[in-house]
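Have a look at the structure below, then the notes.
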Amino acid sequence: MNLVCKALCLVFIALSIFSCKNTITETPTDMVIPENPLPACPESPNCFRVTQAFDMNPDIVFKAFENSISSENPFEFKADIAMENPSISAIYKIPLFGWLDDVELVFEADKDSKNTTFVHLKSSSREGYSDLGVNKRRIKRILKKARKELNL
């Protein structure tokens, strides 16, 4: 096996191990989760989409996610609070290769409890079939930073 193959195998193993350490918090089963308004992921494994619930005011949750994403210095960043359901969109540029990944978040206040906020998240690659788990790890990182800011 040549050196490049060995290096790629080691990177793949390291990414697999790293991606297993973090988990996405499950939404309580007794909670009615609204349908995720973001487009569904394609069949290819280069996309990750999830909805998370927070027992907090939507404005506070929005600010935490805005800070979380902007702290990662995305290639492009846009926060829109003027809509009924505020949103954040960002574009990440993969170093070395220059590929672009899109991140979208939509915030939705619970109809029954104005103190519960649903955050719909999606990260997807524009090119290629597989991303080796990059988009799922990105969403986990964004969630982790936002939860830290929310003291959760």
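Observations on the structure shown:
- Gyration tensor (Cα) of the stretch 67-126, equivalent ellipsoid semi-axes in angstrom: 27, 11, 9
- Evaluated on the stretch 24-152, the Kirkwood hydrodynamic radius is 15.0 Å, with distances taken between all distinct Cα atoms.
Every read-out reported here was derived from the displayed coordinates using simple, explicitly stated rules and does not represent laboratory data. Please read all numbers here as calculations on a predicted model, not as lab measurements.
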